[in-house]
Amino acid sequence: MSSAHSAVATAGSVSPPPSPVSSAASSASPVSAASSTSASGASPTSGELLEFVRRTARDEALIASLPLDPEGRTWIRLDGPGGSESWLIGWPPGTGTGWHDHADSIGAFTTAAGALREHSLVVRLPTDGWKTLELTDGVDRSRELATGQGRAFGRNHVHEVLNESEDAHAISVHAYYPPLPRIRRFSRTGAVLRLEQTESPEDWQ
Ligand SMILES: [Fe+2]
């Protein structure tokens, strides 16, 4: 399964975020979806983020409001619980994020329509001072997230998310806390992971 990541092209010229980036159908101001506060008033947990994205994914009117574009991903910024960053994202067939991480943010996402594939690494990547890394055997994970299925993740999560369908759009809901301070993008050839660039919020807002 470790080689499957190369089977699907990432989204053409636009390099939308993991986590959205510029252009496309982003709304000027966040859309309120479901509750915007954590139940406890404290920093949201990954479990609370997962509960939020699942609840939001069941909001049929909101999901239907996302413009879909066969040429590339589309997104709407939402208000997540407890000050978290949330996105509703549309994925045309064959699009994906490419490999990236989420700095120290925790997060959750769920598929609201269609199906997504997540490839992830069970490694803690060094923070600084490297350009390429050779991954050891056994660090790859792969899972399909069918409609209604989601997952939460902790700090330093490294993954790529793909819509492997040849003919069906997918829609997903994502939440991150704290709001992403930066993401690192990687390319991968076999076991070699290469740091390509670091993006900050100015790059996607
Ligand atoms: Fe991501």
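Determine, at each q value in 0.11, 0.16, 0.18 (inverse angstroms), the log₁₀ of I(q)/I(0) that the Debye formula gives when each Cα of the range 121-205 is one equal point scatterer.
Summing over Cα pairs of the range 121-205 leads to -0.39, -0.84, -1.05.
I'd like the trypsin sites (Lys or Arg not before Pro) in the range 138-192 restricted to DSSP loop residues with at most 16 other Cβ atoms within 10 Å, sorted by number.
Sites meeting the loop and neighbour criteria: Arg155, Arg182.
Which cross-chain or sequence-distant (5 or more) residues have an amide H under 5 Å from the amide H of Ser43, H modelled 1.01 Å from N in plane?
none
Using the basic label-point model (7 angstrom from Cα toward the beta carbon), what is the Ala168 to Thr136 distance in nanometres?
3.9 nm
How high is the relative contact order of the range 87-174, given as a whole-number percent (alpha carbon pairs under 8 Å, six or more residues apart)?
57 percent
If you take the beta carbon distance between Ser187 and Arg143 as r and set R0 to 25 Å, what does 1/(1 + (r/R0)^6) give as a FRET efficiency, to the nearest 0.05?
Efficiency, rounded to the nearest 0.05: 0.70.
Which peptide among 123-136, 190-203 comes first, and what is the full order, when sorted by highest mean count of other Cβ atoms within 10 Å?
190-203, 123-136
Compute the separation of the alpha-carbon centres of the range 154-169 and the range 65-95 and state it in Å as a whole number.
A separation of 13 Å, based on Cα centres.
Since every read-out is calculated from the coordinates, none of them should be taken as a lab result. Please read all numbers here as calculations on a predicted model, not as lab measurements. Don't worry about glycine lacking a Cβ; one is built from the backbone with ideal geometry, like all the others, and counts go over all protein chains shown.
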